[in-house]
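Since every read-out is calculated from the coordinates, none of them should be taken as a lab result. What you are looking at is a predicted structure, and each value in this text was computed from that prediction instead of being measured. Glycine gets a Cβ as well: all are built from the backbone with ideal geometry, and neighbour counts include every protein chain shown.
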2 protein chains.
Amino acid sequence: MSSTAPRGSRATTPRSGASRGRRAGGADTRGEILEAARASFADKGYAGTSVRAVAADAGVDSALVHHYFGTKDDLFLAALEMPTDPRPIMAAVADGDRDGVGRRLVEAFLGVWDDPDTRLPLLAIVRSGVAGEPGRSIVETAMRRLVFGYLVQALEIEDGDRRFALVVSQMAGLVMTRYVLLLEPIASMPADEVVAWLGPTLQRYLTDPAP
Amino acid sequence: MSSTAPRGSRATTPRSGASRGRRAGGADTRGEILEAARASFADKGYAGTSVRAVAADAGVDSALVHHYFGTKDDLFLAALEMPTDPRPIMAAVADGDRDGVGRRLVEAFLGVWDDPDTRLPLLAIVRSGVAGEPGRSIVETAMRRLVFGYLVQALEIEDGDRRFALVVSQMAGLVMTRYVLLLEPIASMPADEVVAWLGPTLQRYLTDPAP
């Protein structure tokens with residue numbers, strides 16, 4: 001086959017039935033950038049990855065990475081195969097009265113999780129996070145940076161790490177019961193009832209004074 | 001080093017290095033009863049299992065099953081390999097003022113989960129519940145009947161199934177973050193701080209009027 005034996009880590013990368021040809025055409029180049037990005041985020045984490053280094057690994061110019069994917073955060077979301085961009089969603093959650101942020105966060109969460117088109121890719125991401133490293137740190141970075149970070153900044157939440165962990169402690173359990181174990185009646189509970197039950201919980205975890 | 005190559009961990013059955021001989025002696029008989037009980041709870045569920053049928057499957061008299069294990073619930077806990085009997089713990093949680101039940105439930109939960117001697121077997125049980133049938137229904141029955149049922153009865157909680165699912169939605173997430181993913185700072189948060197944060201959540205799920 002191809003005699004160019006490019007950078008390793010093939011065995012581990014999840015999909016890409018793409019041909020092995022280097023810098024072949026538009027579609028292949030895009031795929032090679034994504035593959036290089038996944039390898040870098042997995043090996044070096046979010047902070048240790050740069051667009052420049054990903055471009056070099058893929059044998060292209062940085063400008064081409066920006067052209068295809070935008071910023072490093074955009075590239076990160078593409079590498080994760082996020083089915084939806086959490087940033088505008090979280091901006092909307094943050095935009096509103098502080099006392100309603102818990103409800104808005106549950107509503108936004110159900111908006112993407114109750115829809116099978118987004119739920120199934122999200123479940124795949126969750127599974128890669130639960131399976132262990134490197135998926136775990138990557139998913140955690142995504143949640144902290146691209147999901148939760150918006151709230152912390154916009155609402156000037158102090159002690160964000162603690163409140164992030166508390167929110168995850170409720171929402172991970174909601175994912176388990178409503179979408180994985182299908183525990184009734186929470187699995188088929190109307191969204192507005194879930195919001196009414198869990199909204200005040202998240203509100204307390206986000207904005208109440210520490211006990 | 002050592003040339004004694006010990007028994008290999010038996011592929012499927014967790015412990016029981018017991019030999020196959022039928023009705024051999026005390027130890028074997030006990031193991032055979034347990035094995036018959038596990039098979040019956042897995043095949044026929046909790047409701048479909050009787051001490052009489054388990055005894056017949058194991059080729060012994062029902063009285064011997066009662067002698068070794070006590071009631072059907074006791075046999076169920078032994079078959080699950082529960083590392084601690086939840087019934088006295090839940091009786092203590094139920095015994096006290098109604099406004100403090102949320103805190104007492106989190107305290108009791110942490111009492112068994114923060115201790116590695118009980119946490120590790122509990123995690124094995126949780127995994128068998130998450131892995132799918134028959135573990136799932138067995139674990140769910142155990143939780144509903146032998147853990148949560150006490151509260152529902154003692155506190156005369158209405159709509160117990162809904163409140164059970166809500167409580168599980170928080171506590172499953174606590175297990176994930178504190179004991180499986182080791183998400184900081186919740187993984188190393190002092191127990192009394194976890195109680196202070198999560199106690200009011202469980203209180204609301206257990207005793208607040210439906211929204």
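Computed values, structure above
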read-out: Mean-position separation - Cα centroids, region A:163-211 and region B:145-175, in angstrom; value: 15 Å
read-out: Cα-based helix-to-principal-axis angle, B:191-207 vs chain B, degrees rounded to 10; value: 80 degrees
read-out: D (Stokes-Einstein, µm²/s), Kirkwood Cα radius, chain A, 1.002 mPa s at 20 °C; value: 114 µm²/s
read-out: Across the identical copies, how the B:Val180 labels are spaced - nm, sorted shortest first, 7 Å along Cα→Cβ; value: 0.3
read-out: Exam field: B:Asp115 pseudo-label spacings to other copies (7 Å along Cα-Cβ), nanometres; value: 4.8
read-out: Derived scalar couplings ³J(HN,Hα) [region A:59-74; Karplus, 6.51 cos²θ - 1.76 cosθ + 1.60; whole Hz; x for Gly, Pro]; value: x, 10, 7, 3, 4, 5, 4, 4, 4, 6, 10, x, 7, 4, 4, 4
read-out: From the C-alpha gyration tensor of the protein assembly as shown, square roots of 5λ in Å; value: 44, 31, 18
read-out: Between region A:29-74 and region B:40-71, the Cα center-to-center distance that results, in Å; value: 60 Å
read-out: Rough spin-label spacing in nm, given labels placed 7 Å along Cα→Cβ, for A:Thr71 and B:Ala56; value: 6.9 nm
read-out: Using alpha-carbon coordinates, inclination of helix A:160-174 to the longest axis of chain A, degrees; value: 80 degrees
read-out: Percent of alpha-carbon pairs separated by more than 16 Å within region A:82-192; value: 61 percent
read-out: Under 24 Å from the Cα of A:Lys72 - lysines, other chains or at least 8 residues apart; value: A:Lys44
read-out: Shortest-first nm distances, B:Thr141 label point to equivalent points in other copies (7 Å, Cα→Cβ); value: 4.6
read-out: Electrostatic dipole magnitude of chain B [Cβ: Lys, Arg +1; Asp, Glu -1; Cα centre; debye, to 20]; value: 840 debye
read-out: Residue order, fewest to most beta carbons within 10 Å, for A:Asp28, A:Asp159; value: A:Asp159, A:Asp28
read-out: Taking chain B and dividing mean pair separation by its residue count, relative contact order in percent (alpha carbons under 8 Å, at least six apart); value: 19 percent
read-out: Rounded tilt (10° steps) of A:26-44 against the dominant C-alpha axis of chain A; value: 60 degrees
